[in-house]
Amino acid sequence: MRVLKWADLAAKVFLLALLVSALVWPDLSGVKEKAGTARLVIYPLGAAVVPVWWRLSGRRRAVADGSTPARGYPWAADLLITLPWFLDLLGNRLNLFDTVVWWDDLMHFLNWLLLTAGALLVGTFQRPALSRGVLLMCALGFGVTAAVLWELGEYVAFVRGSPELATAYTDTLGDLALGTLGAVCAGLAIGQLQARGMLTVSSQTHSGGFTAR
């Protein structure tokens, strides 16, 4: 768990550094013409979801189940949910979205895989194991909804007034398909790991509801 903890903290520190640099040097951020202000607000909020949830609910659940709050924090889930915001901002900062043809497609697949996997870990924290079918349905429900909301946000924030509008329909369909595929892969992966006993849910564990074997 120590590796997950430091990886999560490092991801948050680097995300914060990118956010500060985008605020101080907006011309170098890569998001100035891509709803930069909205990203500066939404991204830190996204990275704070698990800590806030832990403060409001998860900590009490861990205490009720006999876990030690300080050790019961779900570092894996927090890392998985933090990484998409960091990777998106880093990709924009390095101008990868505009210079690498396949980068946008990779990010829609990978980020939704990571985000959905993190959401599944949070949703099943200190709860009985769910069947693979239920996990898959939860992954689809969360992943597809999040992907649609993202595309709507992009359209309202900057696509409708940019040159990208001409190809927005095709691009949006592709992004939604890749996001859905990523969510499906997340559901299948969590279900497979759980079925193999590599993720176990127990009130006796101190690894955020899951123990890796």
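Quick rundown of the values:
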quantity: Single unsatisfied condition, residue 98 versus (1) under 30 Å from residue 73 (Cβ atoms); (2) of a type in the set (D, E, K, R); (3) surrounded by fewer than 15 Cβ atoms within 10 Å (Cβ to Cβ); calculated: (1)
quantity: Number of positions in the stretch 27-42 that are closer than 14 Å to residue 150 by Cα, at pLDDT below 75 and of a type outside the set (Lys, Arg); calculated: 1
quantity: Any hit, the stretch 122-144, residues being basic (Lys, Arg), surrounded by fewer than 20 Cβ atoms within 10 Å (Cβ to Cβ) and free of Cβ contacts under 8 Å to residues at least 40 places away in the same chain; calculated: no
quantity: Members of the stretch 145-171 that are closer than 16 Å to residue 42 by Cα and loosely packed, with under 11 Cβ neighbours inside 10 Å; calculated: 149
quantity: Candidates 174, 182, filtered to the one that is crowded, with 18+ Cβ neighbours inside 10 Å and assigned to a helix (DSSP H, G or I); calculated: 182
quantity: Qualifying residue in the stretch 107-125 (condition: in contact with a Lys or Arg (Cβ under 9 Å, 6 or more places away or on another chain) and at pLDDT 85 or above); calculated: no
quantity: Residues (out of contact with any helix residue (DSSP H, G or I) (no Cβ under 6 Å at 6 or more places or on another chain) and under 21 Å from residue 171 (Cα atoms)) located in the stretch 108-138; calculated: 110
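The values are calculated or read from the model by the stated rules, or taken from the named source; none is laboratory data. This structure is a prediction, so every number in the text was calculated from the model and none was measured. In this analysis, Cβ positions are derived from the backbone assuming ideal geometry, glycine residues included, and neighbour counts consider all displayed protein chains.
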